[in-house]
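Visitor: So that we are looking at the same thing, I have put the structure below in structure tokens.
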Amino acid sequence: QKEVEQNSGPLSVPEGAIASLNCTYSDRVSQSFFWYRQYSGKSPELIMSIYSNGDKEDGRFTAQLNKASQYVSLLIRDSQPSDSATYLCAVDMNRDDKIIFGKGTRLHILP
Amino acid sequence: SAVISQKPSRDICQRGTSLTIQCQVDSQVTMMFWYRQQPGQSLTLIATANQGSEATYESGFVIDKFPISRPNLTFSTLTVSNMSPEDSSIYLCSGRGQHTEAFFGQGTRLTVV
């Protein structure tokens, strides 16, 4: 089992709709979880971090964490064409402070 | 968050040569890491750069091929040695505090011909 798994997509969502991105991880002791956005040819940039079970909202973005199910998700409300990018789920495996990345989900927002 | 300056931003190199990538953070960080991102792929961790001691390499990466230095808390280098076309990739420097998010340099796009 891969340490951090994501559906590679592409995920196509109409403009204005909600985009839902999902991620599962293998290590139960993981404590810190991150969502990054990466535009083509650019470095990853942090969107959200989440450390405890439940929801965390920041503007149009909501991160959801369920440690019992080892599941993290990112919701993007009112999707905009500028949200089209690859979204990387990242997990601090609580081993040597390393962050492991999933393969990323390509998101296309359709105008 | 801290700002990471990475250089060069891109280079085209002859096979068999070596390239050293530099990474400078504008504030002290606990950890520094080097990642590789091949075209269309996600980030693969190469190694953890340890201050004043040998780097800790991930499976599949060795010191002879990817020597890393970190002489102080804010600076690190990665050398890609004896390059082949398979080393063509984007190399990313990353820094973080303990259990905080990671932030990235601009990346180095390496093409080996």
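Visitor: Here's a check for you: in the stretch A:53-96, which residue that is in contact with a Lys or Arg (Cβ under 7 Å, 6 or more places away or on another chain) and within 14 Å of chain B (Cβ to nearest Cβ) is surrounded by the most Cβ atoms within 10 Å (Cβ to Cβ)?
Guide: Checking each candidate, the answer is A:TYR87.
Visitor: Suppose we filter the stretch B:1-24 for residues that are surrounded by fewer than 21 Cβ atoms within 10 Å (Cβ to Cβ) and among the aliphatic types (A, V, I, L, M); how many remain?
Guide: Residues that pass the stated criteria total 4.
Visitor: Could you run through the stretch A:11-30 and say how many residues are surrounded by fewer than 16 Cβ atoms within 10 Å (Cβ to Cβ) and either at pLDDT below 95 or hydroxyl-bearing (Ser, Thr, Tyr) (or both)?
Guide: 6
Visitor: To continue, here is another question. Within the group A:VAL29, A:VAL13, which residue is of a type outside the set (Ser, Thr, Tyr), over 19 Å from B:SER94 (Cβ atoms) and in contact with a helix residue (DSSP H, G or I) (Cβ under 9 Å, 6 or more places away or on another chain)?
Guide: None of the other options fit; the residue is A:VAL13.
Visitor: Moving to a separate point now. Could you tell me whether any residue of the stretch A:75-87 is over 20 Å from B:SER42 (Cα atoms), at pLDDT 95 or above and of a type in the set (Phe, Trp, Tyr)?
Guide: No, the stretch A:75-87 contains no residue that is over 20 Å from B:SER42 (Cα atoms), at pLDDT 95 or above and of a type in the set (Phe, Trp, Tyr).
Visitor: Continuing with the same structure: Restricting to strands (runs of 3 or more DSSP E) lying wholly in the stretch B:29-113: which have 2 or more residues that are crowded, with 16+ Cβ neighbours inside 10 Å and more than 9 Å from chain A (Cβ to nearest Cβ)? Talk me through it step by step, then tell me what you get.
Guide: On the way: elements: B:31-37, B:43-49, B:68-72, B:75-80, B:89-96, B:102-104, B:108-112.
Those strands (runs of 3 or more DSSP E) span B:31-37, B:43-49, B:68-72, B:75-80, B:89-96, B:108-112.
Visitor: Continuing with the same structure: If a residue must be more than 12 Å from the chain's Cα centre (by Cα) and under 16 Å from B:GLN28 (Cα atoms), how many such residues does the stretch B:63-87 contain?
Guide: Residues that pass the stated criteria total 4.
The values are calculated or read from the model by the stated rules, or taken from the named source; none is laboratory data. Everything quoted here is computed from the prediction, not taken from an experiment. When we count neighbours, we look across all protein chains shown, and the Cβ atoms used for this are built from the backbone with ideal geometry, even at glycine.
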